[in-house]
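Structure record follows, encoded as structure tokens.
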Amino acid sequence: MVSQFHLLPQTFAITFYVLVCIFVSVEAAITSIATDKEALISFKSGVSLPPSYWDQNSSPCTNWTGVVCNKLGNRVVALHLSGLGLTGSISPHIGNLSFLRSLHLQNNKLTGNIPSQILHLFRLTSLNLSSNTIQGPLPSNMTQLIALQTLDLASNNITGTLPENLSRLKNLQVLNLARNNLHGTIPSSISNLSSTLTHLNLGTNSLSGRIPSELGFLYKLKELDLAVNQLSGTVALSIYNISSLVLFTVASNQLWGEIPSNIGHTSKSSILQKLYQSIQGKNSCFFAQYLRYSINSLGQQLV
């Protein structure tokens, strides 16, 4: 029988080990939130955030406006500062918020480029910078944002072309790049997102070339906006056959051809609306759950 005396060293060792683990965990938590706080302060120095929003003498996880932390209160997981009229630019230090899952800065007056350091946020699931004055091209290697589900950069001054590697964002559900200054063609590789993509909004840019027939493979697509571009050619029948579509618009392009005659009689034609369109040929329209007849470029009203 082992005496209690002989168990004392073992008990002491276990207790010591537990205390060391607790100490290390607490120290790591303090260091982590300190790192996030430093990154947030650097971000704040680049924008017009009122001083009263963030008390630098307190933890970001207490009452900092727009800052959301995890349950342990040791990492920042969301930064939501939309609609505050913020001016300035996004600090590269934003990339140090390594546990960030959601970054929403839409409806402000931010300028400058999207910092490449944002690609360090590999846990990011939602990035919304829409309705600002952000300029420059998309970061060259967006595929580093492997968890991204929503990418909304609409209504900015984004330039350049659509990167082919966007199709590697295998979790992407919403891609909204409407109302920018993008040019070039629509990559057919976007069809590789067929198992996830529900919203594809590329309207009001300067995109040219044909609409890839491969977009018809996006069987989960609910919204497809390609209006107000310089697209030419015809619309593939496979796109009209996407059964999940709720909105499909290709208005104000250089498209031609005939819309399938049975479109207007589908079960999806629940609402009729007038719209101006630029598809040449009879039955010029676009449809989904909303069927809209239009005036084609030949001036013939189709109703």
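Listing for the model above:
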| read-out | value |
| --- | --- |
| Looking only at the stretch 250-261, and only at residues there that are modelled with pLDDT of 90 or more and crowded, with 21+ Cβ neighbours inside 10 Å, the one that is nearest to H199 (Cα to Cα) | V250 |
| Filter result (in a loop (DSSP other than H, G, I, E, B) and either of a type outside the set (S, T, Y) or modelled with pLDDT under 90 (or both)) within the stretch 222-249 | K222, L226, A227, V228, N229, V235, A236, N241, I242, L245, V246 |
| Single unsatisfied condition, L72 versus (1) part of a helix (DSSP H, G or I); (2) over 17 Å from S45 (Cβ atoms) | (1) |
| The stretch 16-44 - residue that is loosely packed, with under 12 Cβ neighbours inside 10 Å and closer than 18 Å to V76 by Cα and, of those, modelled with the highest pLDDT | T31 |
| Residue in the stretch 175-183 that is of a type outside the set (K, R), farther than 20 Å from L127 by Cα and at pLDDT 95 or above present | yes |
| Strands (runs of 3 or more DSSP E) fully within the stretch 162-210 counting 1 or more residues that are farther than 25 Å from R101 by Cα and in contact (Cβ under 8 Å) with a residue 12 or more places away in the chain | 181-184, 206-210 |
| Scope the stretch 164-178; condition surrounded by fewer than 18 Cβ atoms within 10 Å (Cβ to Cβ) and within 24 Å of G112 (Cα to Cα); matching residues | E164, N165 |
| Scope the stretch 223-242; condition more than 22 Å from L182 (Cβ to Cβ) and either among the aromatic types (F, W, Y) or within 24 Å of the chain's Cα centre (by Cα) (or both); matching residues | Y240, I242 |
| Enumeration of residues in the stretch 134-181 that are among the hydroxyl-bearing types (S, T, Y) and touching a Gly at 6+ places or on another chain (Cβ under 7 Å) | T159, T161 |
| Check on L110, buried (at least 16 other Cβ atoms within 10 Å of the Cβ) and within 13 Å of the chain's Cα centre (by Cα) | no |
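Table: residues versus (1) closer than 24 Å to P137 by Cα; (2) surrounded by fewer than 22 Cβ atoms within 10 Å (Cβ to Cβ); (3) of a type in the set (A, V, I, L, M, F, W, C); (4) in contact with a Pro (Cβ under 7 Å, 6 or more places away or on another chain).
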{"position": "I190", "(1), (2), (3), (4)": "yes, no, yes, no"}
{"position": "S194", "(1), (2), (3), (4)": "no, yes, no, no"}
{"position": "L197", "(1), (2), (3), (4)": "yes, no, yes, no"}
{"position": "S208", "(1), (2), (3), (4)": "yes, yes, no, no"}
{"position": "E214", "(1), (2), (3), (4)": "no, yes, no, no"}
{"position": "Y219", "(1), (2), (3), (4)": "no, yes, no, no"}
{"position": "I242", "(1), (2), (3), (4)": "no, yes, yes, no"}
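The values are calculated or read from the model by the stated rules, or taken from the named source; none is laboratory data. Owing to the predicted nature of the structure, the values given are computational and were not obtained by experimental measurement. Virtual Cβ from ideal backbone geometry, glycine too; neighbours counted across all protein chains shown.
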